[in-house]
Amino acid sequence: MRPSRLSFGLIGLAAITASVAISACGSSATDPALVGAPSQTQSTPVKSAAKAPAPKTITLVVKADEENARKGPEGTWHDAYLPANIAVRNGQKVTLHIYNYDEGEHSFAAPALGLNVSVAGGSEKAPKETTVTFTVSSQPGHYMWYCADPCDPWAMAHKGFMEGDVTVS
Ligand SMILES: [Cu+2]
């Protein structure tokens, strides 16, 4: 007895729901404010994508002078980050992988980006990986990074070796 009354109640409810849905459809088709709404929601994802650039992964290799990292203009091999210049975008999430083939320690310091990464020593056969993830929060421009760990004195004083550019766009 109870089940039959319950099912009758559900049928009645379904009928009410259906009539509400029909009247809602009719009003939205004639309401100019509701017709214009979909185009506003479509533009939202485009705006947020422009504000947050796609994440970027950058791989840097550190090699020693005796590993022929990079030859200076004076003809001598020096310690170096390869590459020494990187490019990122403001608001971008960046994952930096640094592989150190040198037995000596180095660092990657870029105060303008809030970075001061210690890079542990590795070896030619087993480079040591250091990974850091950060989000760029700097105005577009050219910023400097440098190795703050005493290593190859000539390389520490020359861009393209133990210092270089971070370009933010
Ligand atoms: Cu260094």
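The values are calculated or read from the model by the stated rules, or taken from the named source; none is laboratory data. Just so it is clear, the model here is predicted, and its values are computed rather than measured. Here Cβ is always computed from backbone atoms with ideal geometry, including for glycine, and neighbour counts include all displayed protein chains.
Key figures
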quantity	calculated
Tally of residues being more than 16 Å from the ligand (Cβ to nearest atom) and either buried (at least 16 other Cβ atoms within 10 Å of the Cβ) or of a type in the set (V, I, T) (or both) across the stretch 94-104	2
Residue within the stretch 119-139 that is free of Cβ contacts under 8 Å to residues at least 12 places away in the same chain, hydrophobic (A, V, I, L, M, F, W, C) and surrounded by fewer than 15 Cβ atoms within 10 Å (Cβ to Cβ) present	yes
Given (1) at pLDDT 95 or above; (2) buried (at least 18 other Cβ atoms within 10 Å of the Cβ), index of the condition P153 fails	(2)
A110 being within 16 Å of the ligand (Cβ to nearest atom), buried (at least 19 other Cβ atoms within 10 Å of the Cβ), of a type outside the set (D, E, K, R) and more than 26 Å from the chain's Cα centre (by Cα)	no
